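The next block holds one structure in the form of structure tokens; read it before the comments.
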Amino acid sequence: MVVVEPTQRNAAGTRIRILTAAEGEFADHGFDGATVRQIALRADVPVALVNYHFGSKEGLYRAIFEMRAPMIVDQRVAGLRLAEMEPDPERKVEMIVKAVLVPNLHMRSTEKNSSYARILAREVSDPKSHHRKVVAEFFDPIAYQVIDALQRAMPDRTIEEINWGYQAMLGVMVYTMADTGRISRLSGGRCDPEDEMTTSRHLVALMKAALLYSRV
């Protein structure tokens, strides 16, 4: 039986509650391990409401990316536009790196929550992810823009160097976003991914140097 909510405000609040619960479940258990029943229990709603709002588990999963991806993509596009106007090549590379890393690090710092990053890390490493096509749909278009910007900024580099450089940036970003305390433990508390400014400063400097000065 489909449960219809009485007001638009209630429906919007329930939808957000379900999405928040789903992020936690998908982050903890992956797409295959999470269940609609457990998500409903975590959100404290009937299972019928999950199906009413999202249609299916995959519909709910995609809704997380529909909610998160535009915020990240829009900030990256803006960062790339600023980088395009920068005449200094080294500064341009730094701005491209910032456009890739900073939006995601800002999301983690603002929300004090690594769930979305852990979902993203699972998705990019799941052999079944190509069936869902969420990474290709939501992130490949901006990825091509970043790669193109790097090629224009470093025209002496091969396409292999550019693509591996971009891959390295993504790895650094996702691993840092998904960190649940290891770097803090290893550093004796001196490194904290939720310290957005310090984290960004270190990672941008490292990736800028890697892109500019490493050669194969």
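The values are calculated or read from the model by the stated rules, or taken from the named source; none is laboratory data. Computed from a prediction, not measured in an experiment: that's the story for all the values here. Cβ: placed from backbone, ideal geometry, glycine included. Neighbour counts: every protein chain shown. Ligands, DNA and RNA are stripped out before the accessible areas are found, and what is left, the full protein with its side chains, is counted by its heavy atoms. Shrake-Rupley method; radii C 1.70, N 1.55, O 1.52, S 1.80 Å.
A few comments on the model shown:
- Residue check, VAL45 on the phi < 0 side of the Ramachandran plot, outside any helix (DSSP H, G or I) and not aromatic (Phe, Trp, Tyr): yes
- For beta carbons closer than 8 Å, sequence separation of 6+ or different chains, a first residue in region 137-152 that is farther than 16 Å from LEU120 by Cβ and outside any helix (DSSP H, G or I) and a second that is aromatic (Phe, Trp, Tyr) and open to solvent by 70 Å² or more (accessible area, probe 1.4 Å), there are no qualifying pairs.
- Among the residues making up region 21-43, a single one is at pLDDT below 95 and farther than 18 Å from SER125 by Cβ: GLY24.
- Filter result (touching an Asp or Glu at 6+ places or on another chain (Cβ under 8 Å), open to solvent by less than 30 Å² (accessible area, probe 1.4 Å) and closer than 15 Å to ARG68 by Cα) within region 117-141: ILE119, VAL134
- Hey, ASN51 among the polar types (S, T, N, Q), surrounded by fewer than 20 Cβ atoms within 10 Å (Cβ to Cβ) and in a helix (DSSP H, G or I) or not: yes
- Every residue from region 153-166 that is touching a residue at least 24 places away in the same chain (Cβ under 8 Å), open to solvent by less than 50 Å² (accessible area, probe 1.4 Å) and in a loop (DSSP other than H, G, I, E, B): MET154
- Single residue of LEU186, LEU203, LEU212 found to be out of contact with any helix residue (DSSP H, G or I) (no Cβ under 8 Å at 6 or more places or on another chain) and among the aliphatic types (A, V, I, L, M): LEU186
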